[in-house]
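Colleague: Sharing a structure, written as structure tokens. Questions coming.
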Amino acid sequence: MKNPFSKKPKGPKKPLTVEQKISRRNFISFGSFVVLSGAAYGGWKALYNAPIEPRTVTAGAIKPLRRALNKTELVFRRFFSNNNLVKTYPKEMAAKNVRHNSDIGVGGTVDVQKWQLQVQKQSGEVLNIGIDDLKKLPKTEIVFDFKCVEGWDQISYWGGVKFSDFITHYKLDDQTKLDYVGMETPDKKYYVGIDMPSAMHPQTLLAYEVNEKPLPQNHGAPLRLIIPVKYGIKNLKRIGSISFSNKRPRDYWAEKGYDYYSGL
Ligand SMILES: Nc1nc2c(c(=O)[nH]1)N[C@H]1C(S)=C(S)[C@@H](COP(=O)(O)O)O[C@H]1N2
Ligand SMILES: [Mo]
């Protein structure tokens, strides 16, 4: 029986002419060009139209580009939300000569008695708090391994007021319903944004002492942030102001490409 699928009767293939070959190549390469550009355009469009990330996670980057990092961040957030504590050490293990590193916004000398911490509530109300007022609050101490993203770490000993005690004392509990705390040096040259759970973590301090002595100028006199669940970059020295918001506060190193969350 004759095969209904057979095409033309078999015979010697007619060789293509040069013109036919060229036009066939052109067709193929132009066709591939169209298909590939379509794919590229489609890919670009998919990214372009991709949703911005969920609220509180990273700084409005396009979602697919940040998916892996966000997953890590969310995993660690869950980890920290049950208040896991950073490892602490006996006082004797703390460095006597505490390493000093980087002084953006810590130029000149602060007059500790004139210095005031400016607390900016979201309502616009501002509290001005002197260092002696903060020293009257219950004191908390911590000895932990301070880690800098540049690769060094050092066990150091800090004292001050727990951030969450400070919140309670100044009746700022409503502010902690917001997603972020922002802190800036008095001259606004160094600034950090901290997610609220990390700020409220029981080991986070507004520190005014190192090795049981008032903070020296180069360690951020009279008040600095000690936040053991984060890398050194977030431990802002010489706090001038504290604010609260749902929008990510500006962050010096995040603006330069470092991870905003910067958790350990
Ligand atoms: N105001 C201010 N705070 C800062 C910095 C800075 O440059 N300016 N550097 C940060 C970095 S990168 C680190 S590792 C620690 C270093 O703190 P130390 O000098 O007390 O060791 O401070 C952090 N806080
Ligand atoms: Mo650092």
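The values are calculated or read from the model by the stated rules, or taken from the named source; none is laboratory data. Because the structure is a prediction, the values reported are computed rather than measured. Cβ: placed from backbone, ideal geometry, glycine included. Neighbour counts: every protein chain shown.
Colleague: Taking the condition within 16 Å of ligand 2 (Cβ to nearest atom) and either under 22 Å from the mean Cα position of the chain (by Cα) or free of Cβ contacts under 8 Å to residues at least 40 places away in the same chain (or both), does Glu125 pass?
Modeller: Working: within 16 Å of ligand 2 (Cβ to nearest atom): no; either under 22 Å from the mean Cα position of the chain (by Cα) or free of Cβ contacts under 8 Å to residues at least 40 places away in the same chain (or both): yes.
So Glu125 does not fit the description; no.
Colleague: Let me ask something else. Filter the stretch 205-264 down to the residues that are in contact with a strand residue (DSSP E or B) (Cβ under 6 Å, 6 or more places away or on another chain) and hydroxyl-bearing (Ser, Thr, Tyr) and list them by number.
Modeller: Tyr208, Tyr231, Ser241, Ser243, Ser245, Tyr252, Ser262
Colleague: Within the stretch 134-154, work out how many residues are within 16 Å of ligand 2 (Cβ to nearest atom) and either crowded, with 16+ Cβ neighbours inside 10 Å or not hydrophobic (A, V, I, L, M, F, W, C) (or both). Walk me through it before giving the result.
Modeller: Going residue by residue through the stretch 134-154, those that are within 16 Å of ligand 2 (Cβ to nearest atom) are 144-154.
Next, only the ones that are either crowded, with 16+ Cβ neighbours inside 10 Å or not hydrophobic (A, V, I, L, M, F, W, C) (or both) stay: 144-147, 150-151, 153-154.
Qualifying residue count, the stretch 134-154: 8.
Colleague: With the stretch 169-238 as the region, which strands (runs of 3 or more DSSP E) entirely inside it contain at least 1 residues that are closer than 18 Å to Leu137 by Cβ and touching a residue at least 40 places away in the same chain (Cβ under 8 Å)?
Modeller: 180-184, 205-210, 224-226
Colleague: Okay, moving on. Name the residue that is nearest to ligand 1 (Cβ to nearest atom), counting only residues in the stretch 221-262 that are under 19 Å from Gln154 (Cβ atoms) and under 11 Å from the mean Cα position of the chain (by Cα).
Modeller: In this case the residue turns out to be Ile233.
Colleague: Among the residues of the stretch 79-94, is there at least one that is in contact with a Lys or Arg (Cβ under 6 Å, 6 or more places away or on another chain), in a loop (DSSP other than H, G, I, E, B) and at pLDDT 70 or above?
Modeller: Looking for residues that are in contact with a Lys or Arg (Cβ under 6 Å, 6 or more places away or on another chain), in a loop (DSSP other than H, G, I, E, B) and at pLDDT 70 or above, one finds none in the stretch 79-94, hence no.
Colleague: Looking at Val161, Val75, which is the one that is assigned by TED's automatic domain parsing to the domain that holds Pro249 and either within 16 Å of ligand 1 (Cβ to nearest atom) or of a type in the set (Val, Ile, Thr) (or both)?
Modeller: Values: Val75 fails: assigned by TED's automatic domain parsing to the domain that holds Pro249.
So the residue among Val161, Val75 that is assigned by TED's automatic domain parsing to the domain that holds Pro249 and either within 16 Å of ligand 1 (Cβ to nearest atom) or of a type in the set (Val, Ile, Thr) (or both) is Val161.
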